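Let me begin by presenting the structure, written as structure tokens, before commenting on it.
The values are calculated or read from the model by the stated rules, or taken from the named source; none is laboratory data. For clarity, every value in this text was computed on a predicted model and none was experimentally measured. Backbone-built Cβ (ideal geometry, glycine too); neighbour counts: all protein chains shown.
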Amino acid sequence: MAKISNEARQQYFERIKEYKQISEAILHREKSLVSIVKGQTAGAAYKYITLAEERLNLASYFLLQNALSVTLLGVKNDAYLNEARKSCYQAIIYLEEVVSNYLDVPFSDYADLLDEIEGYEDEKRFHLIRKIGFTIDSVVEAFGPNSKWRWSFVELEGRFAAVAKNLINFKTFVAQMDPSVDGYAARMGHMELAQQLLAQAADRYREKYELSTLRIDDFKRAIAFLAALRRIYTIFGEADKADEMKRKMEVWKAKMEADDKAHSRKRSV
């Protein structure tokens with residue numbers, strides 16, 4: 001690696017000074033808001049959404065500081081990338097406080113949580129989900145394909161998929177599947193994206209199992225995402241898709257059980 005000149009370092013530190021100040025201001029606001037929301041019930045859900053949005057903004061500033069390091073110094077800044085990664089996680093954690101991290105459960109299990117954010121418009125929900133997805137993708141891309149966090153991102157993406165699903169109010173959705181109802185495009189876009197994320201999470205956990213861990217828990221998690229997707233198809237009366245997903249789950253379960261038996265035999269030898 002070529003030696004970094006003092007001039008390049010100075011230019012870099014000057015350029016990131018503003019971004020560092022903004023990042024510090026966001027963290028200060030977060031600390032203040034967290035202290036307010038603790039022990040609070042009324043309006044807490046909306047404050048957690050604000051905290052999640054702030055964390056996504058923070059991640060973008062960390063990504064900018066890394067991008068400047070690459071441009072001006074010719075090296076990645078792993079510290080800033082790691083902070084961006086952690087900010088994505090924290091954004092998801094805040095949203096799990098709002099709508100839970102439930103995956104394959106009846107909507108009734110968390111419907112009361114959606115009632116708390118009834119006034120949160122469909123357009124804003126869809127925008128938030130796309131913003132999370134874009135930020136996570138940006139972090140993954142910045143780290144590169146050979147990152148030590150490669151398989152860790154599978155969990156992050158899976159938790160994101162669950163939150164994306166849980167932000168949808170299935171109690172009112174079917175009645176609002178009319179193009180003349182305000183927010184139709186955002187609702188349908190959100191639903192389509194949530195289904196894509198669930199399918200992707202299932203594939204990614206299966207990939208993690210096959211190529212990295214060989215842990216049955218990862219395979220079970222993959223199947224749970226398929227089950228959540230099947231549940232959605234069932235809600236909307238899409239019998240063919242639900243049956244297709246059921247068959248896929250059965251194939252994956254058979255593979256998982258066969259692998260588990262094979263691993264057990266190896267351990268006993």
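List the residue pairs whose Cβ atoms are under 9 Å apart, where the first residue sits in region 26-43 and is closer than 20 Å to residue 87 by Cβ, the second is aromatic (Phe, Trp, Tyr) and modelled with pLDDT under 90, and the two are 6 or more positions apart or on different chains.
none
Going by what's in this entry, would residue 191 be described as more than 30 Å from residue 264 (Cα to Cα) and over 17 Å from the mean Cα position of the chain (by Cα)?
When the stated conditions are applied, residue 191 does not pass them.
Looking only at region 134-143, how many residues end up being surrounded by fewer than 21 Cβ atoms within 10 Å (Cβ to Cβ) and either without any contact (Cβ under 8 Å) to a residue 40 or more places away in the chain or within 24 Å of residue 169 (Cβ to Cβ) (or both)?
Number satisfying all stated conditions: 4.
In the set 24, 54, 30, 18, which member is modelled with pLDDT under 95 and charged (D, E, K, R)?
Within the list 24, 54, 30, 18, the selection yields 18.
Just wondering, is there one or more residues in region 127-145 that are in contact with a Phe, Trp or Tyr (Cβ under 8 Å, 6 or more places away or on another chain), more than 29 Å from residue 64 (Cα to Cα) and modelled with pLDDT of 95 or more?
no
Do we find a residue being surrounded by 10 or more Cβ atoms within 10 Å (Cβ to Cβ), over 27 Å from residue 119 (Cα atoms) and within 27 Å of the chain's Cα centre (by Cα) anywhere in region 10-19?
Scanning region 10-19, I find at least one residue that is surrounded by 10 or more Cβ atoms within 10 Å (Cβ to Cβ), over 27 Å from residue 119 (Cα atoms) and within 27 Å of the chain's Cα centre (by Cα), so the answer is yes.
Filter region 94-112 down to residues that are aliphatic (A, V, I, L, M) and surrounded by fewer than 17 Cβ atoms within 10 Å (Cβ to Cβ), then give me how many there are.
Matching residues across region 94-112 total 2.
Among the listed residues 76, 148, 131, which satisfies the condition of being of a type outside the set (Ser, Thr, Tyr) and either buried (at least 17 other Cβ atoms within 10 Å of the Cβ) or under 28 Å from residue 172 (Cβ atoms) (or both)?
Answer to the selection: 131.
Quick check on my filter: what residues within region 48-81 are free of Cβ contacts under 8 Å to residues at least 24 places away in the same chain, assigned to a helix (DSSP H, G or I) and over 21 Å from residue 161 (Cα atoms)?
Passing the criteria: 70, 71, 78, 79, 80.
Of all residues in region 212-245, how many are among the hydrophobic types (A, V, I, L, M, F, W, C) and free of Cβ contacts under 8 Å to residues at least 60 places away in the same chain?
10
Which residues, counting only those in region 151-188, are more than 19 Å from the chain's Cα centre (by Cα) and buried (at least 17 other Cβ atoms within 10 Å of the Cβ)?
Correct list: 170, 173.
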